[in-house]
Protein chains: 2
Amino acid sequence: MTFTQRLLEIQTKQNSLICIGLDVDKDKIPKHLLSASDPILEFNRRIIEATNDLVCAYKPNLAFYEAMGEVGMYALRETLKLIPKTIITIGDGKRGDIGNTAERYATSLYNDYGFDSVTVNPYMGYDSVEPFLRNKEKGVFLLALTSNPGSKDFQRLKVGTKPFYEKVVLSAKKWNTQNNIGLVVGATHPKELQHIRKIVPDMPILIPGIGKQGGDLKSSILYGCSKNGKLAVINVSRSIIYASPEKDFAEAARKAVLKMLEEIRS
Amino acid sequence: MTFTQRLLEIQTKQNSLICIGLDVDKDKIPKHLLSASDPILEFNRRIIEATNDLVCAYKPNLAFYEAMGEVGMYALRETLKLIPKTIITIGDGKRGDIGNTAERYATSLYNDYGFDSVTVNPYMGYDSVEPFLRNKEKGVFLLALTSNPGSKDFQRLKVGTKPFYEKVVLSAKKWNTQNNIGLVVGATHPKELQHIRKIVPDMPILIPGIGKQGGDLKSSILYGCSKNGKLAVINVSRSIIYASPEKDFAEAARKAVLKMLEEIRS
């Protein structure tokens, strides 16, 4: 089964397009957890237990774990073991390097940590992406039009009559011979999301930028989904995992996801 | 002192433009080291001891250490402690992410690991680069035109009459208000290197791709240096660190660097 087929199956079974971004920060987790032997892992365990029947994916942002050194990398590894195999995992590291280096990142993230998919930066071209695509069961979300203000600096530059990010979208489409490529398109660009979905009707689109970054849920669903109402992967991080700073953080996260699910289903 | 000033001073004092890429792979180091308590660290220690009077920089490629998990990250951290403060260190991770995430990468690489500089991918624009630029003593090498075959896929696309990578070069120039930005330009593109050096006469240029990747040393020096014959940082990895697969690997590395220095000085 290809990555995209599996994502579709999981989204159908879970009846959810929501991905929770596990961007965990020691300064932001409830204070009572700091006495646990591994506060980050304990935080993730509680969030995962409270939400895993409501989501299609979890996306740990590698920077947050790397910033904690070896302890953080250990917490990341153990967190992945807690995520049920019935849910997709996305390693959000936005890596991109020459072939022999990209191979190492791919081996580490897929085989060692066990991620189902990763985010990859397209700037260095095909040989920097290809090592992440070899196994059709593992997926790549290629950065196309990102949610941040800096997306205008290069991604929107015109190449001929088309914006640069569209060249990335077209390349992703061409490289997708094994049905395991998706794109990253920020919720902060609804019009462009609609346009991109027309170019790639059957490709997964990971959509970050809802909540703190100002992206809109309704337009993300409306424009980001494939015809069958799937393949948009709506990422939410801070507004879910830090829904409460108290002991009830996991229950509050669940409530926040349920509220979002209601909005999506209506 | 700004990063660029410091690099200039070190290149002058060491009388060297050479950077050794510490892309260390357990499968490639001499077999007798495998019985050491930390073979990677022992390998790096010997390479650094044998070459630190002949180089201006060391550049560990983060992928190679990440691929070894927590053990690798520990070896990286300890390796950095072995590099004399009189030599520049470059953390080659090609990171690039939204502001609040880029901040974490910057804190981790600069403060926690202690790198003097890092490589950064420009695709996500200014707010993804800015956190790496805040401290003028720390430097960024922004990917402009990379050494790999995939550099043609996006970096050479025409934006108006100019190639995309030139837009990155011009942005780097504009963002360089603290004199701590450099560029990455592959040795495999001598003509473009010459052109870029004209646009940024006083900016460091990290030049990978000599040796196995087919780049040429002579043209890299000729076209990559500033007017005073400095600010090109010539990276070599495999041809130096794996110059010998036997017990004499460190001496062989030293000989290989000396040979290269002779070529450069002539």
Completion exercise
With the first residue restricted to segment A:91-102 and required to be more than 7 Å from every other protein chain (Cβ to nearest Cβ) and more than 15 Å from B:S237 (Cα to Cα), and the second required to be assigned to a helix (DSSP H, G or I) and of a type in the set (S, T, Y), Cβ contacts under 6 Å at 6 or more apart or on different chains are A:R95/A:Y105; A:A102/A:S128
Practice task
State whether one or more residues within segment B:22-35 are more than 21 Å from B:V118 (Cβ to Cβ), in a loop (DSSP other than H, G, I, E, B) and among the hydrophobic types (A, V, I, L, M, F, W, C).
Solution key: yes
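Those residues that are within 17 Å of the chain's Cα centre (by Cα) and either crowded, with 23+ Cβ neighbours inside 10 Å or within 18 Å of B:K173 (Cα to Cα) (or both), I need them from segment B:216-225; list them, please. Steps first, answer last, please.
Filtering segment B:216-225 down to residues within 17 Å of the chain's Cα centre (by Cα) leaves B:216-217, B:220-221, B:224-225.
Within segment B:216-225, B:S220, B:G224, B:C225 qualify.
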Completion exercise
Apart from one, (1) more than 7 Å from chain A (Cβ to nearest Cβ); (2) under 18 Å from the mean Cα position of the chain (by Cα) all hold for B:N148; the odd one out is (1)
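Quick grid of which residues meet (1) buried (at least 23 other Cβ atoms within 10 Å of the Cβ); (2) within 24 Å of A:V120 (Cα to Cα); (3) among the acidic types (D, E):
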position: A:L8; (1), (2), (3): no, yes, no
position: A:C19; (1), (2), (3): yes, yes, no
position: A:L33; (1), (2), (3): no, no, no
position: A:A67; (1), (2), (3): no, yes, no
position: A:L80; (1), (2), (3): no, yes, no
position: A:I87; (1), (2), (3): no, yes, no
position: A:I98; (1), (2), (3): yes, yes, no
Fill in the blank from the handout: Residues of segment B:210-240 being under 13 Å from B:I18 (Cα atoms) and touching a residue at least 60 places away in the same chain (Cβ under 8 Å), in sequence order, are B:I221, B:C225, B:K230, B:L231, B:A232, B:V233, B:I234, B:N235, B:V236, B:S237, B:I240
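Select from segment A:74-90 the residues that are away from every other protein chain (no Cβ under 13 Å) and among the basic types (K, R) and list them in ascending order.
Within segment A:74-90, the first condition is being away from every other protein chain (no Cβ under 13 Å), and the residues that meet it are A:79, A:81-90.
Across segment A:74-90, the qualifying residues are A:K81, A:K85.
Going through B:Q194, B:Q178 one at a time, which residue ends up being surrounded by fewer than 22 Cβ atoms within 10 Å (Cβ to Cβ), away from chain A (no Cβ under 11 Å), at pLDDT 95 or above and touching a Lys or Arg at 6+ places or on another chain (Cβ under 6 Å)?
Numbers: B:Q194 fails: touching a Lys or Arg at 6+ places or on another chain (Cβ under 6 Å).
That would be B:Q178, the only listed residue that is surrounded by fewer than 22 Cβ atoms within 10 Å (Cβ to Cβ), away from chain A (no Cβ under 11 Å), at pLDDT 95 or above and touching a Lys or Arg at 6+ places or on another chain (Cβ under 6 Å).
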Practice task
Answer yes or no as to whether A:L143 is away from every other protein chain (no Cβ under 11 Å) and among the aliphatic types (A, V, I, L, M).
Solution key: no
Completion exercise
Output for Cβ contacts, cut-off 8 Å, separation at least six or different chains, first residue more than 7 Å from every other protein chain (Cβ to nearest Cβ) in segment B:59-71, second of a type in the set (S, T, Y) and assigned to a strand (DSSP E or B), reads B:K59/B:T89; B:P60/B:T89
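Please pick out the residue among A:Y110, A:Y126 that is hydroxyl-bearing (S, T, Y), at the interface with chain B (Cβ under 9 Å from one of its Cβ atoms) and surrounded by fewer than 22 Cβ atoms within 10 Å (Cβ to Cβ). Outline the logic, then answer.
Numbers: A:Y110 fails: at the interface with chain B (Cβ under 9 Å from one of its Cβ atoms).
Testing whether each residue is hydroxyl-bearing (S, T, Y), at the interface with chain B (Cβ under 9 Å from one of its Cβ atoms) and surrounded by fewer than 22 Cβ atoms within 10 Å (Cβ to Cβ) leaves just A:Y126.
The values are calculated or read from the model by the stated rules, or taken from the named source; none is laboratory data. What you see is a predicted model; the values in this text were computed from it and never measured. Neighbour counts are summed over all protein chains in view; Cβ atoms, including those assigned to glycine, are modelled from backbone coordinates with ideal geometry.
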